[in-house]
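Here the structure comes first, spelled out in structure tokens, and everything after it is commentary.
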Amino acid sequence: YQRRVRGRRLAMHPTLQQWLLALMVHLCSAGEKVVLNTAWWPPGTEKTAESVGILAANTVFMTGMMESNSTLDATVRAELSDVGDITAAGNTSLANLLGCVGNANHGAGPRMSATLEQHLGQVPISIAEMPGEWSMFNTSISCVASASGPVTRIRHGAAVAAVSPSGLLMVSTSGASAADMFGTAWPLLRSRSAQLVDCTVWLQDMAMADSVRQWLRAHSPTMPSVTIVRAGVSGTMSAQCAASTHPITPIHAPAESAYAVRANGLVWVSGISGLLANGTDTLHVLKRTLANVGVPMRSVVNCIFYVKHQSIISELFEGFYQVFNLEHPPPPSRTEFQATSECTECQVLTKCIAVA
């Protein structure tokens, strides 16, 4: 399966290009969702597949990029070239990346992280050692970028943060315990008067999941949405979190809904586990969760799916197509990994973000 076929960029009159870019910025700042396209993912592709990129709330959300080359460095450079094409479609660039998550083969996580840092500098990067969407690709990377202007990067120990002009932060951190991991990131948040909004945590041992939630409850003014996945990481645990310098609103879920947090014009929903291979049970819970705050499914901008087995990817795509392409278009950007959730019998873990 090849997600990208490189093509020649089409020339556009500069005045028309500037007008279109100004319109995109206006729409995304007004709470709209704008589908992005590239030369290798032209307009209309999102009618039968995912959107390769979405511009919403001054942020670009991207589908995971996969490439395969003779060396890891060549593979990463090709994947970042794809990411660069998507950021350009959103009138931004790799210099404004807020954060990236990705996968690597067992034992290759530190080398993947180091290679990305070599090319990107201090971007919050979280690499877990787990299979990706397809077995023929050893790595993939899914990124988020600021479309509101240049980002500021700060570091404290193992924690790296990127701050957008609109007040959205992305933070990557790791450690031997929840206190070690989040404690390293806390000075970065305090330096910007920011609160955690959302965290995805990868654990070597799922028995440590309760300690992660307990630490966050004890130290966060508002509990962020949390998604916990079992996967190989450097050390015991790692996390990729979003934070905001603006007020955040927890969405207390009624029955059959998931916990979510509203901030920076976005709704961040905690991971939803489901028993169905096509993932539609998780997407129905997502729909009810968003409905609690009057947000429709067509406003979903990004989803990351963790499947128990790669063999169910095709079924997951069928469920995605039914829900997002047919019932609630346009579809979000998306990325898939193979990993297990806290629900050992569940087939799919779905973690999504929507524009409010």
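In the set (1) surrounded by 19 or more Cβ atoms within 10 Å (Cβ to Cβ); (2) under 18 Å from the mean Cα position of the chain (by Cα); (3) within 21 Å of residue 57 (Cβ to Cβ), residue 289 fails one condition alone, (2). Within the stretch 219-256, restricting attention to residues that are among the hydroxyl-bearing types (Ser, Thr, Tyr) and open to solvent by less than 30 Å² (accessible area, probe 1.4 Å), the residue that is nearest to residue 104 (Cα to Cα) is 238. Pairs meeting the criteria (first residue in the stretch 94-120 and among the charged types (D, E, K, R), second residue surrounded by 14 or more Cβ atoms within 10 Å (Cβ to Cβ), beta carbons under 9 Å, at least 6 apart or on different chains) are 111/72; 111/104; 117/123; 117/125; 117/160. Only one of the numbered conditions (1) crowded, with 24+ Cβ neighbours inside 10 Å; (2) at pLDDT below 95 is not met by residue 344, and that is (1).
If you go through the stretch 310-341 and pick out every residue that is touching a Phe, Trp or Tyr at 6+ places or on another chain (Cβ under 9 Å), of a type in the set (A, V, I, L, M) and open to solvent by 20 Å² or more (accessible area, probe 1.4 Å), you end up with 0. Considering 222, 200, the condition of being in contact with a strand residue (DSSP E or B) (Cβ under 6 Å, 6 or more places away or on another chain), under 22 Å from residue 168 (Cβ atoms), part of a strand (DSSP E or B) and among the hydroxyl-bearing types (Ser, Thr, Tyr) is satisfied by 200 alone.
Pairs meeting the criteria (first residue in the stretch 198-223 and on the phi < 0 side of the Ramachandran plot and in contact (Cβ under 8 Å) with a residue 60 or more places away in the chain, second residue open to solvent by less than 50 Å² (accessible area, probe 1.4 Å) and assigned to a loop (DSSP other than H, G, I, E, B), beta carbons under 9 Å, at least 6 apart or on different chains) are 198/224; 198/270; 200/271; 202/130; 202/231; 202/233; 202/339; 206/341. Being open to solvent by 10 Å² or more (accessible area, probe 1.4 Å) and closer than 22 Å to residue 32 by Cα is a property that does not hold for residue 301.
Looking at the stretch 52-64, I want the residues that are in a strand (DSSP E or B) and have a partner that is at pLDDT below 95 with Cβ atoms under 6 Å, at least 6 apart or on another chain. Which pairs are those? Pairs that qualify, where the first residue is in a strand (DSSP E or B) and the partner is at pLDDT below 95, are 55/24; 55/28; 56/28.
Checking the structure you have, find out if any residue of the stretch 148-160 is over 25 Å from residue 60 (Cα atoms), among the small types (Gly, Ala, Ser) and open to solvent by 40 Å² or more (accessible area, probe 1.4 Å). Yes, that holds for at least one residue. If you go through the stretch 72-119 and keep only what is assigned to a loop (DSSP other than H, G, I, E, B) and either more than 22 Å from residue 164 (Cα to Cα) or small (Gly, Ala, Ser) (or both), you end up with 90, 93, 105, 106, 107, 108. Looking only at residues in the stretch 173-197 that are in contact with a strand residue (DSSP E or B) (Cβ under 6 Å, 6 or more places away or on another chain) and aliphatic (A, V, I, L, M), the one that is nearest to residue 237 (Cα to Cα) is 181.
Would you check if residue 137 is aromatic (Phe, Trp, Tyr), touching a strand residue (DSSP E or B) at 6+ places or on another chain (Cβ under 8 Å) and either farther than 15 Å from residue 62 by Cα or assigned to a helix (DSSP H, G or I) (or both)? Taking the combined requirement at face value, the residue does not satisfy it.
The values are calculated or read from the model by the stated rules, or taken from the named source; none is laboratory data. This structure is a prediction, so every number in the text was calculated from the model and none was measured. All Cβ positions, even for glycine, are placed from backbone atoms using ideal geometry, and neighbour counts span all protein chains on display. The accessibility values were calculated without ligands, DNA or RNA, using every heavy atom of the protein model including side chains. Shrake-Rupley method; radii C 1.70, N 1.55, O 1.52, S 1.80 Å.
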